[in-house]
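The values are calculated or read from the model by the stated rules, or taken from the named source; none is laboratory data. Just so you know, these numbers come straight off a predicted model, no measurement behind them. Backbone-built Cβ (ideal geometry, glycine too); neighbour counts: all protein chains shown.
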Amino acid sequence: MRITKGKKQENHDRIVTIASEMFRERGFDGVGVADLMERAGLTHGGFYNHFASKEALIAEASIKGFIETSTRYADHDVGDVIDAYISRAHRDARGLGCPAAALSGEAARLPEAARSVFGEGIAGLVAALESRLVANQAVGKDARAQAINLLAKAVGAVVLSRACPDTSALADEILNACRADCHAVLESSK
């Protein structure tokens, strides 16, 4: 039985949504097509009706994750973004968090096309942060350099905190120290 174009698009979107969360939770290599399709309530064979390859899905799922992240922080003050991003809540919500913090290490080993999409997502985060810095007048001479610096500290803090055991005091120390440093950078720019 054939499905409608609308239903096919609905299934496609559901696969991308589930994959985006699963990739951030488990990593690209930690998600098999069969497991993904089962979770989506579809057959394994149906995957190739939607995607040419797993790399094509990785690209779409990464775009979705970066859009979610940008949307989540869109209208917030930079200080509030720093507080939310460099937090235990973000650290612990791997599947719903930022793809940069969850997958950058793995993205470096992706084929060029998928890595390019991931790089565009990071560039979008930098541009959004730069825009907020300028809008909030919380920037020194070079807003772009400051945005890159803040994003790198924020992503690094979450990555290092996640690498520690969940109950580790160091996990929280990393978040607290990096969050405080980001706020100090913002204060010194005013």
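Checking the conditions here, which among 30, 41 is at pLDDT 95 or above and not basic (Lys, Arg)?
30
Yes or no: the stretch 123-132 includes at least one residue that is in contact with a Lys or Arg (Cβ under 8 Å, 6 or more places away or on another chain), free of Cβ contacts under 8 Å to residues at least 60 places away in the same chain and not aliphatic (A, V, I, L, M).
Yes, because at least one residue in the stretch 123-132 is in contact with a Lys or Arg (Cβ under 8 Å, 6 or more places away or on another chain), free of Cβ contacts under 8 Å to residues at least 60 places away in the same chain and not aliphatic (A, V, I, L, M).
Could you please find all residues in the stretch 80-107 being in contact with a Ser or Thr (Cβ under 7 Å, 6 or more places away or on another chain) and in a helix (DSSP H, G or I)?
91, 99, listed by residue number.
Which of (1) under 30 Å from residue 169 (Cα atoms); (2) in contact (Cβ under 8 Å) with a residue 12 or more places away in the chain; (3) loosely packed, with under 14 Cβ neighbours inside 10 Å does residue 74 not meet, given it meets every other one?
Unmet for residue 74, out of (1) under 30 Å from residue 169 (Cα atoms); (2) in contact (Cβ under 8 Å) with a residue 12 or more places away in the chain; (3) loosely packed, with under 14 Cβ neighbours inside 10 Å: (1).
Residue 29 passes all but one of (1) under 22 Å from residue 122 (Cα atoms); (2) part of a helix (DSSP H, G or I); which number fails?
Checking residue 29 against (1) under 22 Å from residue 122 (Cα atoms); (2) part of a helix (DSSP H, G or I), the one that fails is (2).
Of the numbered conditions (1) under 16 Å from the mean Cα position of the chain (by Cα); (2) farther than 19 Å from residue 28 by Cα; (3) in a loop (DSSP other than H, G, I, E, B), residue 110 satisfies every one except a single condition; which is it?
The number of the failed condition is (2).
What is the residue count in the stretch 129-174 for residues that are farther than 20 Å from residue 103 by Cα, part of a loop (DSSP other than H, G, I, E, B) and of a type in the set (A, V, I, L, M, F, W, C)?
2
Just one of (1) in contact with a helix residue (DSSP H, G or I) (Cβ under 6 Å, 6 or more places away or on another chain); (2) under 27 Å from residue 151 (Cα atoms); (3) surrounded by fewer than 18 Cβ atoms within 10 Å (Cβ to Cβ) trips up residue 34, so point out which.
(2)
Would you mind stating whether residue 122 is in a helix (DSSP H, G or I), under 22 Å from residue 18 (Cα atoms) and not polar (S, T, N, Q)?
Yes: the conditions hold for residue 122.
Can you confirm whether the stretch 98-121 contains a residue that is at pLDDT 95 or above, within 15 Å of residue 157 (Cβ to Cβ) and in contact with a His (Cβ under 8 Å, 6 or more places away or on another chain)?
yes
May I ask you to list pairs of residues, at least six apart or on different chains, whose Cβ atoms are under 8 Å apart, with the first in the stretch 30-56 being farther than 25 Å from residue 105 by Cβ and the second being not in a helix (DSSP H, G or I)?
37/43
Do the conditions hold for residue 76, that is, is it over 14 Å from the mean Cα position of the chain (by Cα) and within 17 Å of residue 179 (Cβ to Cβ)?
Judged against the criteria, residue 76 is a match.
Given the structure, is residue 177 within 25 Å of residue 59 (Cβ to Cβ), in a helix (DSSP H, G or I) and not β-branched (Val, Ile, Thr)?
The answer is no for residue 177.
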